Amino acid sequence: MSTTPPIEDFELHMPDDLNVEHCYRHPDRETGVRCANCGRPICHECMVPAAVGFRCPDCMAEQRRGAGRPQVVTRQQTRSRWQRSGVMGGSSGLTVTKALIAINIVVFLVEEATGALNSTAEMVRLGGLAPVLVAVNHDYWRLVGAMFLHESILHIGVNMLALWFLGEYTEAVLGHVKYLVLYMVTGLAGSVFIVLFSPATTLTVGASGAIAGVFGGLMAYAFFNRHRDYAARSIFGQLVFWFVLNLVLNLSDHSLSWQGHLGGFVTGIFLMAAYTLLGRKSPFGRFTGSDIALTVAVVAVLVVLTFWRVQTFTLATLIPWL
C-alpha cells in the first residue's frame, strides 16, 4: 500500500539580506531594476528600453528635450569628472583655488608688515568690514575687501586648508570661471548678511563666507548626484558630517560670524541648484543664458538689500561715527 509523502513547509518570506527597493513613481511596487542614467529604481510600467538597459520616464523626457542628465555609468567616467582638478590623482596644474589661496596669503603678509594683526585701526584701513562704516562712509568696497583679510595665522590657516579641499572638488564640477563666480558672489553674500544682521560696530574679516558658499555649492551638487555618482555619494556623506560640526561650532563660539557663514552657504546652494537645474544637467562648462541671468539676479538682490540696510540705520547708531 503506497503512501503519499508529506507536504513540506516552505519559507515564503524574503531573505533578511535582500535589498528591496520600490519604484520612485509607484512606491507600492517592489523592483530590482534601476534607471541606467540616474540610478533611480523603476517598476515594469516605468521602464523605457534604451540603448543600454532601461531608463525612467523623466530621463527619457529630458533626453527628448535635448537637456539630458549627466551620464556617469562607468568607473572611468566617474574618475574623469573628478580628475579635472586632480582630486583623484589627475594632473591639475594652476587652478583658481590655488590662485585664491596665494592671494589670501599675500594679503596676510601685508597685514603682518603693516601691523594690522595687532591694530584695529590698521585692519579697518585695509578693508575690515563694519556695517556702520558702510552706512556712514558708503565704503561698499569693504564687502569684497574683507573677504581677503584674516585676523591671525590660525584664522588664515584653517580657512585656506578648507578652501584647498573644498575648492578643488568644486572647481572640478563647475570649471574655472563658474567656480570663481560662485566664490566671489557667495563671499559677497556673506558680507551682505553681516551688514544686515551683525551689530553695527562689529568688525569682521575673513574668507569664511566665500568658503561656506563653496561648501554649500559642493554639498548641493553631491546631493543631486548621490544616486548616480559614487564619488559624489561619498563626498555628500562627509559634507553632512562637517556641516553638523560647523553648525555646533557656530552656535557655541560667539566669535565666529554665523551671519557670513549663513549668507555664503545659502547662496552657494542656490547657485549650484540653478547651474544644475536642480540636478538635471551638468554645471561644468560655459555659462548659459539662464546661468548668467540667475547670477545677475542674485547680485542685484544683494545690492538692493545692502542699500536698504544702509537706509535703515538709526541716527543714534550713526552719531558717534559722524
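Per-residue answers, yes or no, for (1) of a type outside the set (Gly, Ala, Ser); (2) in contact with a strand residue (DSSP E or B) (Cβ under 6 Å, 6 or more places away or on another chain):
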{"residue": "Tyr179", "(1), (2)": "yes, no"}
{"residue": "Gly187", "(1), (2)": "no, no"}
{"residue": "Ile194", "(1), (2)": "yes, yes"}
{"residue": "Thr202", "(1), (2)": "yes, no"}
{"residue": "Gly209", "(1), (2)": "no, no"}
{"residue": "His227", "(1), (2)": "yes, no"}
{"residue": "Asn250", "(1), (2)": "yes, no"}
{"residue": "His254", "(1), (2)": "yes, no"}
{"residue": "Ser257", "(1), (2)": "no, yes"}
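Looking across the stretch 241-269 at every residue that is in contact (Cβ under 8 Å) with a residue 60 or more places away in the chain and of a type in the set (A, V, I, L, M), the one that is nearest to Gly128 (Cα to Cα) is identified as Leu262. When both residues are 6+ apart or on different chains and their Cβ atoms are under 6 Å apart, which pairs have a first residue that lies in the stretch 151-170 and is small (Gly, Ala, Ser), and a second that is assigned to a helix (DSSP H, G or I)? The qualifying pairs are Ala162/Ile211; Gly167/Thr97; Gly167/Val214. Is it the case that some residue within the stretch 124-137 is more than 25 Å from the chain's Cα centre (by Cα), free of Cβ contacts under 8 Å to residues at least 12 places away in the same chain and either surrounded by fewer than 17 Cβ atoms within 10 Å (Cβ to Cβ) or under 20 Å from Ser208 (Cα atoms) (or both)? Yes.
Please work out which one of (1) at pLDDT 90 or above; (2) more than 30 Å from Ala135 (Cβ to Cβ); (3) exposed (fewer than 14 other Cβ atoms within 10 Å of the Cβ) is the condition Gly285 fails and give its number. The one condition Gly285 does not meet is (1). Applying the criterion of being assigned by TED's automatic domain parsing to the domain that holds Ala61 and small (Gly, Ala, Ser) to the residues of the stretch 1-49, the residue that is modelled with the lowest pLDDT is Gly39.
Residues that are out of contact with any strand residue (DSSP E or B) (no Cβ under 9 Å at 6 or more places or on another chain), within 16 Å of Ala200 (Cβ to Cβ) and part of a loop (DSSP other than H, G, I, E, B) within the stretch 111-139 comprise just one, His138.
Looking only at the stretch 161-181, decide whether some residue is closer than 27 Å to Thr120 by Cα, within 16 Å of the chain's Cα centre (by Cα) and hydroxyl-bearing (Ser, Thr, Tyr). No, the stretch 161-181 contains no residue that is closer than 27 Å to Thr120 by Cα, within 16 Å of the chain's Cα centre (by Cα) and hydroxyl-bearing (Ser, Thr, Tyr). A residue that is more than 14 Å from Thr186 (Cα to Cα), touching a Cys at 6+ places or on another chain (Cβ under 8 Å), surrounded by fewer than 18 Cβ atoms within 10 Å (Cβ to Cβ) and touching a residue at least 12 places away in the same chain (Cβ under 8 Å) can be found somewhere in the stretch 220-240. Pairs are defined by a Cβ separation below 9 Å, a sequence spacing of at least 6 or placement on different chains, a first member in the stretch 181-208 that is at positive phi and in the same structural domain as Phe243 (by TED's automatic domain parsing), and a second member that is assigned to a loop (DSSP other than H, G, I, E, B) and among the small types (Gly, Ala, Ser); the pairs so defined are Gly206/Ser257. In the stretch 97-114, is there at least one residue being in contact with an Asp or Glu (Cβ under 7 Å, 6 or more places away or on another chain) and at pLDDT below 55? So far as the stretch 97-114 goes, no, none of its residues is in contact with an Asp or Glu (Cβ under 7 Å, 6 or more places away or on another chain) and at pLDDT below 55. Applying the condition of being of a type in the set (A, V, I, L, M) and in contact with a Leu (Cβ under 9 Å, 6 or more places away or on another chain) to the stretch 260-275 and asking which residue is surrounded by the most Cβ atoms within 10 Å (Cβ to Cβ) yields Met272.
Of the candidates Ser191, Ser257, Ser252, the single residue that is buried (at least 23 other Cβ atoms within 10 Å of the Cβ) and at pLDDT below 90 is Ser257.
The values are calculated or read from the model by the stated rules, or taken from the named source; none is laboratory data. Predicted, not measured: the structure shown is a model, and the values here were computed from it. Every residue, glycine as well, gets a Cβ built from its backbone with ideal geometry; the counts of neighbours run over all protein chains shown.
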